[in-house]
Amino acid sequence: MSYFVCPHCQHEIDIFSRGGAEKTASQFQVAFLGNVQLDPDIRKSSDSGKPTVLEGEDSPHAKALYEFARRVISRVADIKANAPEGVIQIQ
Ligand SMILES: [Zn+2]
């Protein structure tokens with residue numbers, strides 16, 4: 001979670017400062033996986049037992065989460081492809 005969009009004027013508010021996660025990922029030479037908006041609707045749907053991702057990939061709320069998941073899948077595939085034989089096994 002990184003930024004909040006004001007429901008009144010749609011202005012993006014950087015709650016944790018912009019770019020901090022990207023900078024830290026770069027410092028530690030790890031992949032930056034993305035920004036996810038702080039959104040009360042995500043909290044509400046999660047609390048009700050209906051995770052936002054069940055709205056589908058076209059949902060504006062779920063889109064960033066799907067993109068995040070794709071980056072994780074891609075990163076795991078890269079790690080697997082570059083790991084020495086027998087060190088990592090992903091089914
Ligand atoms: Zn506003």
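Observations on the structure shown:
- Radius of gyration and maximum dimension Dmax of the range 41-91, Cα, Å: 15.3, 44
- Shape of the range 1-43, Cα gyration tensor, a/c cut at 1.5: prolate
- Inverse mean reciprocal Cα-Cα distance (Kirkwood Rh) of the chain, Å: 15.3
- Reachable lysines from K63, criterion Cα separation under 24 angstrom, eight or more residues apart if same chain: K23, K44, K50
Any read-out appearing in this document is the output of simple, stated calculations on the displayed coordinates, not a laboratory observation. Owing to the predicted nature of the structure, the values given are computational and were not obtained by experimental measurement.
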